[in-house]
Amino acid sequence: MRSVAALLLLLTAASLPAQDTSCHELFTRTGLTQRSSLPIGSCGDCHAGSTQSPRVAARLGNPGGSKWIRGDEILIWLGETSNTEPGTTPASRDLSAVDRHAQAWTSLRSPAAEQMGQVLGKPGQLHRDRACLACHTSLPVYNLECDSTGLVAPALEADVRMTSGVSCEGCHGTAGDATTKDSDLARGWGTAHFALENWRHMAPAEKCRHGYLDVRSVTSRTKICVSCHVGNAELGRVVTHEMYAAGHPPLPPFELQTFEQQMPKHWREYHEKPAALRQEFEAATGLKPADPAELKAREMLVSALITLSESLKLTADLAAQTAPQDLVRAEWPEFAQFDCYACHHDLRHDGWRQQAQIKGRPGRPRLIPWPATLAEIASNLTASSPATPTAPDISLAEVQQASVSAPFGNTAELITATRSAAAAAEQLAHRLENSTLTQQQQQEITTRLLNAGTAATVDYDSARQIAWAWLLLNSATADEQQRLFPQLFLQLHQGRAESDPIPGSNETVTVIRIDPALSLPPIAGYDPQSFRAAFEIIRKSQPE
């Protein structure tokens, strides 16, 4: 069995040389490769213990013991502690609550990945395939040398920045220093965030100049997540139809806060931080804290708009063939961008799939429908608000028309329509993120979800979006979720036990590997009438 000390020793291996950079726009290939990547062990001095430790507290600038952060973030990520507050006695280790991001690289060496590699003609090699590493590790792989088949050098199997999977830098940005004449900006956030006295109160744009991604912003946070969970062509993060056919698990619909709830929580929400530190922060930054319920609803809508925008951008980039050819093996039409169930369905004359389809020419599948489900609620909400009379028009009807006007869409029209709609959705998201929902608007969200749930036949993935949003806004317990929507309940903790090798060691560790058949009931069990009936019951229970 591994020890934390041994793991942190392994996680402090040397980094590749720094790259010339200055801070560029977030979420671009250039921006993510301009700084050197640090091993996760570099974070261990402050984030693998407890802020109750006098040494760590002093390092954080608060000898009294700062509780702004937890201090045991890496331990939670590794699954070496239960998700309890520092200083309390942890329960026994719960494998189902281990952060799956820590298993991202080792999953490429699993039996399922081995079988997938056999089909793709790369047996036992997916853990070196840059097309897979783009999402399965935090190490920017875009500039790494590889052979003609897209495989990086075997020596990188000993580089813990790759083998640690999706670790700190995957969400917070590449942390190492940059080569630049400006000594202040050359310092990466890996050292800047504790070396600079005012880091906590620094504006997000200034932190970005040190390579730090703004995880407080729901727009930024969503873009980070969906770059893999939906896809990002520029970053080479694309699950193609070929990959699905070879056995890649289907990417389920994405709803930011629903997925965040599936992670072992290594952060504190703002309202959970000590009052004295919040007051100090607000005085220094001018931040006005939001009501948690209002913030939850607003973040749900903003993340839905950004998810739609990024999905449309992905379609446009793949259709325009702008994806980097050294990373993305896709030709247009890329079938993975279209509604899977238009082709993969049971041959029933009166099946729900025919009823759920937007009417168009037979045999011409629409784009994946679920990203628009919650985004349309956000769009309609702002369009009907007197405070936003000039809300951007997302024009999804034009996207739909372009996608079915020819088999797999009229390419030129589709590129224009998806880029326009993506820009409008992102513009609306920024506007919404910087506003506050009124009580009336929050109630209208509830009404619109009820209307969507009781409308005509809803397709499977869109039903998941509607159900997850409802459960989120009503803070439903696990029992309530299972009772209301047993066919749609998201349970990413479920899986099968497997042994993972510890990189650089002869030891193994038991992990719970995600198994889609266990984490989410398959589509064959979905019944739209039962889904509608559940929402009818909810509607009747609502106060007049």
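The values are calculated or read from the model by the stated rules, or taken from the named source; none is laboratory data. Everything numeric in this text was worked out from a predicted model, so none of it was measured. Positions of Cβ are backbone-derived with ideal geometry, glycine not excepted, and every protein chain shown enters the neighbour counts.
Just to be sure I understand the filter: pairs with C-beta atoms under 7 Å, separated by 6 or more residues or on different chains, first member in region 474-492 and touching a residue at least 24 places away in the same chain (Cβ under 8 Å), second member of a type in the set (S, T, N, Q) and not in a helix (DSSP H, G or I). Which pairs pass?
Leu490/Gln262; Leu492/Gln262
Identify all residues within region 530-544 that are of a type in the set (S, T, N, Q) and touching a residue at least 24 places away in the same chain (Cβ under 8 Å); write none if there are none. Reasoning before the result, please.
Of all residues in region 530-544, those of a type in the set (S, T, N, Q) come to 530, 541-542.
If the condition is that a residue be of a type in the set (S, T, N, Q) and touching a residue at least 24 places away in the same chain (Cβ under 8 Å), then Ser530, Gln542 are the ones that fit.
Hey, among the residues in region 226-245 that are assigned to a helix (DSSP H, G or I) and touching a Phe, Trp or Tyr at 6+ places or on another chain (Cβ under 7 Å), which one's surrounded by the most Cβ atoms within 10 Å (Cβ to Cβ)?
In this case the residue turns out to be Val226.
Identify, please: which residue in region 472-498 is within 22 Å of Asp99 (Cα to Cα), in a helix (DSSP H, G or I) and of a type in the set (A, V, I, L, M, F, W, C) and is, among those, farthest from the chain's Cα centre (by Cα)?
Once the filter is applied, the top-ranked residue is Ala478.
Suppose we filter region 118-128 for residues that are more than 23 Å from the chain's Cα centre (by Cα) and either free of Cβ contacts under 8 Å to residues at least 60 places away in the same chain or on the phi > 0 side of the Ramachandran plot (or both); how many remain?
Residues meeting the conditions: 6.
Here are some residues: Gln427, Gln465. Which one is surrounded by 14 or more Cβ atoms within 10 Å (Cβ to Cβ), in contact with a Leu (Cβ under 7 Å, 6 or more places away or on another chain) and of a type outside the set (Phe, Trp, Tyr)?
Residue meeting the stated conditions: Gln465.
Filter region 514-544 down to residues that are part of a helix (DSSP H, G or I), touching a Leu at 6+ places or on another chain (Cβ under 9 Å) and at pLDDT below 85, then give me how many there are.
Result for region 514-544: 1.
Among the residues of region 234-247, which ones are over 20 Å from Pro369 (Cβ atoms) and either among the hydrophobic types (A, V, I, L, M, F, W, C) or in contact with a Cys (Cβ under 9 Å, 6 or more places away or on another chain) (or both)?
Leu235, Gly236, Arg237, Met243, Ala245, Ala246
Here is a yes/no grid of residues against (1) surrounded by 24 or more Cβ atoms within 10 Å (Cβ to Cβ); (2) closer than 21 Å to Arg209 by Cα; (3) among the acidic types (Asp, Glu):
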position	(1), (2), (3)
Asp129	no, no, yes
Asp147	no, no, yes
Leu151	no, no, no
Ala155	no, no, no
Asp159	no, no, yes
Glu169	yes, yes, yes
Thr174	yes, yes, no
Asp177	no, yes, yes
